[in-house]
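All of the numbers you see were taken from the coordinates with simple rules; none came from a lab. Note that the structure is a prediction, hence the values are computed from the model and not measured. Quick reminder, even Gly has a Cβ in these numbers, built from the backbone with ideal geometry, and neighbours come from all protein chains shown.
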Amino acid sequence: MKSPISFVIFVIFLFFLVSSAYPGMKRQHYPCKNLVFYFHDVIYNGKNANNATDAIVGAPQWGNLTILADKFHFGNIAVSVIRAVFDDPITLDNNFHSTPVGRAQGMYMYDTKNTFTAWLAFSFVFNSTEHKGTINFIGADPVLVKSRDISVVGGTRDFFMHRGIATIMTDSYEGDVYFRLRVDIKFYECW
Amino acid sequence: MKSPISFVIFVIFLFFLVSSAYPGMKRQHYPCKNLVFYFHDVIYNGKNANNATDAIVGAPQWGNLTILADKFHFGNIAVSVIRAVFDDPITLDNNFHSTPVGRAQGMYMYDTKNTFTAWLAFSFVFNSTEHKGTINFIGADPVLVKSRDISVVGGTRDFFMHRGIATIMTDSYEGDVYFRLRVDIKFYECW
Amino acid sequence: MKSPISFVIFVIFLFFLVSSAYPGMKRQHYPCKNLVFYFHDVIYNGKNANNATDAIVGAPQWGNLTILADKFHFGNIAVSVIRAVFDDPITLDNNFHSTPVGRAQGMYMYDTKNTFTAWLAFSFVFNSTEHKGTINFIGADPVLVKSRDISVVGGTRDFFMHRGIATIMTDSYEGDVYFRLRVDIKFYECW
């Protein structure tokens, strides 16, 4: 660093270093925010209308709108598709009776013939002291895999414009009546 | 600024300032583009097949596929889920008879027991002199709240790769036959 | 470049140049990754339950859950809505019998009265030597247009946080039983 010229070169070098670090290039791979929630789904089975947070709203011709079970356990049924709509409480721990901090609203469908695979599109809606706003999710969910990733495609209020990855784990599964999912949300774009 | 060394320090400081300003950090919170549209939904009620832009395509076992009203007004129905598909004209003002600049296509569902909450996923499709291309939306919509935000997750052509927030307001609601939404789209990523 | 002052000015100029190049401004418009896939959809027609990869799960009151054809060919049917769920093999070329590299899972719906327009939301799920992870899509698809664009809103694993545009072309269409789509995915955000 003996002359002004060397400074100019150094500065230009820095300019390209900074420039190259951004669009279209590798971005940081550690989360800027990390949240864990549980959500609780009580499947409508034809009898529990007062407790159910989930209802099947579409099924193919050979299906029916009450019980899930048959469609998966009969090997001779070729295309197994179930569409369900849910409105589930979200809690901070895995206790169904904890005070909900929000609601998970949206839909899932089981859409494969031979494996238990779900496709999900839903929102978390918060209106509590901890969090306000929404987080929006979309992705495929092979439910028998222990943990699987879906996309966090956007959010509002506290989660304004956020993007990230949510890792979903089935925390509990009680027959065809109840399941609990652990959702580990890692935001990589925080705004 | 008396010596070359102080320059180096200054330049390094600038480097970190610029670096820190971007990924994973706060991004700008004022929109790079702002558009307002109205869209008009004529609900199928069993009689208006020629005018309807909306049709209910799924309902739980106790529901039917024509009239919305009952499901909300009967307190003894536990899970109220409606899935509807729409193809609605988009206009620049709140007049149903204005020349449409595009179509809103997608679905919504009412998915909560005790409140009027909708979940939406849809696209705006433009092919007019004003706008060409599509805008894609997803989000939860508590319909009784005056204004509520959903995510703009992407777009094409004029809205290539855009992201943002859309604020939805119910501009008019005529029973179970017609509603009009005002959509105020604020893009924060414009490309 | 005769004095330290001119350096300071030059450096500040560079700072604004770099700053202005990023958020809220034009980003690069050439893809950082480009992939082409084909996916194959065998529509359930009431007889091919063992081969079908697609099933209609919702239709309006006047519809039925087996055959698509009628709804489009009868001019007196006002609102034509079909919701289908699919789980389709993805191949690298246009041969239905090629080894699949993944599955396309999700849903589409035909939602317009007078034109063949679909609305899509689906995921590509890869678990092969070529690709691992998922890619998530959403968008409107006017099926009679030769090529049309939808949004790539996120991804996982190999496609971690990716965004882009997918151009869809109907590569083959055999009546109401089979269609094949060519999907040209251009990622503009690669991470």
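The table below lists the values:
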{"quantity": "Trypsin sites (Lys or Arg not before Pro) restricted to DSSP loop in the range A:143-191 with at most 16 other C-beta within 10 Å", "calculated": "A:146"}
{"quantity": "Nearest-first distances (nm) between copies at residue B:170, label 7 Å from Cα via Cβ", "calculated": "3.8, 3.8"}
{"quantity": "Principal axis box of the range B:142-191, alpha-carbon based, largest edge first, Å", "calculated": "41, 19, 12"}
{"quantity": "Of A:146/C:33; B:132/B:186; B:186/C:186; A:33/B:33; A:132/B:146, pairs whose Cα-Cα distance is over 23 Å", "calculated": "A:146/C:33; B:186/C:186; A:33/B:33"}
{"quantity": "Partner chain coverage, peptide A:178-191 - average Cβ within 10 angstrom", "calculated": "2"}
{"quantity": "Cβ-vector label at 7 Å, residue A:34, separations to other copies in nm", "calculated": "3.8, 3.8"}
{"quantity": "FRET efficiency estimate (nearest 0.05) - Cβ-Cβ, residue A:157 to residue C:92, R0 51 angstrom", "calculated": "0.75"}
{"quantity": "Summed side-chain charge close to residue A:91 - residues other than residue A:91 whose Cβ falls under 13 Å, Lys, Arg +1, Asp, Glu -1", "calculated": "-2"}
